[in-house]
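> Questions regarding the structure given below will be posed in turn.
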Amino acid sequence: QQTYGVNSHVIAYGGDHAIDCDAAPVDDLDLPENYALAIGRVEPENNAAMMLEAFASDSSRSLVAVGNWQRTKYGRSLVRRYAGNPQIRLLEPIYDLGRLKALRAGARLYVHGHSAGGTNPSLVEAMQFGIPVFAYDCVFNRSSTEERALFFRTSTELRALLDKVDEATLAQVANDMQAIARRRYTWSAVADQYYALLDRV
C-alpha cells in the first residue's frame, strides 16, 4: 500500500485434501492411547520445546510430535532431551496423506505451536478433523481459528489449560474448528476467492 498504492488481498490455504483420502495403517507407529498431536517443522519459532515441556511431566497425557527432528541442531537437542520420556513420541516427517489422516483422526486434540507465518497448512488441515485445537497465542492463529481455539503462550499456560479444560469445552472447540474449516479452508472456497479476485482486477 505504501509503495504502490495498492491494497493486498489475503487468500488462505485449503485443508480438505487431508481428509478427502483413504486412511492408511499406522500400527507400526506404536501410538499411545488418547494422544495429543503436533505436526510441523522443528524450528524455534514453532515452539516445539514449549510443547514438549508441557507434556513431559504429565503422566496422564501423551504427545505425538511429527517433525524433522534430525534436520537441525535444535531438533537433535530436543531428541536427546525428550526421546526417552514415556509421555513423548517423536516421529520423523510423514508425508503420506493416508497415514497422516489416520494419525490425525486418532488424536484427542491438536497442539499448534507456530508463532510465525500466516494461515499455517498444518493448522487448517488439523481443523478438518473436528478435534479441539490448542494454539499458540498470536494474531494469525487467532484469525485462522476465529478466536475459538484454546490459546497459550508458555509451556506453563499450556499445561494449565490442559489440566483445567472440561469435556464440554473440548467438544465445542472441536465442533467450531471443523465448522470453520468447512466454511473457509476447502480448496473450492479458496479457488472461488482467486477467481473473484481476478474478476475484480
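The values are calculated or read from the model by the stated rules, or taken from the named source; none is laboratory data. The shown structure was predicted, so the numbers you read here are calculated from the model rather than taken from an experiment. Reconstructed Cβ throughout: ideal geometry from the backbone, glycine too, with neighbour counts over all protein chains shown. These area figures cover heavy atoms from the full protein model, side chains too; ligands, DNA and RNA do not enter into them. Shrake-Rupley method; radii C 1.70, N 1.55, O 1.52, S 1.80 Å.
> Would you kindly identify the helices (runs of 4 or more DSSP H) lying entirely within segment 74-152 that contain at least 3 residues that are touching a residue at least 24 places away in the same chain (Cβ under 8 Å) and open to solvent by 40 Å² or more (accessible area, probe 1.4 Å)?
Numbers: elements: 97-105, 121-127, 139-144.
Hits in segment 74-152: 97-105.
> Considering each of Asn34, Asn47, Asn7 in turn, give the residue that is closer than 30 Å to Ala189 by Cβ, in contact (Cβ under 8 Å) with a residue 24 or more places away in the chain and not aromatic (Phe, Trp, Tyr).
Numbers: Asn34 fails: closer than 30 Å to Ala189 by Cβ; Asn7 fails: in contact (Cβ under 8 Å) with a residue 24 or more places away in the chain.
Testing whether each residue is closer than 30 Å to Ala189 by Cβ, in contact (Cβ under 8 Å) with a residue 24 or more places away in the chain and not aromatic (Phe, Trp, Tyr) leaves just Asn47.
> Moving to a separate point now. Between a first residue in segment 157-180 that is touching a residue at least 24 places away in the same chain (Cβ under 8 Å) and among the hydrophobic types (A, V, I, L, M, F, W, C) and a second residue that is assigned to a helix (DSSP H, G or I) and surrounded by 13 or more Cβ atoms within 10 Å (Cβ to Cβ), which pairs have beta carbons less than 6 Å apart while being 6 or more apart in sequence or on different chains?
What qualifies is Leu158/Ala54; Met177/Met127.
> Same structure again: Just to be sure I understand the filter: pairs with C-beta atoms under 8 Å, separated by 6 or more residues or on different chains, first member in segment 50-65 and among the acidic types (Asp, Glu), second member in a helix (DSSP H, G or I) and crowded, with 17+ Cβ neighbours inside 10 Å. Which pairs pass?
Listed pairs, sorted by first residue: Glu53/Ser155; Asp58/Arg159; Asp58/Leu162.
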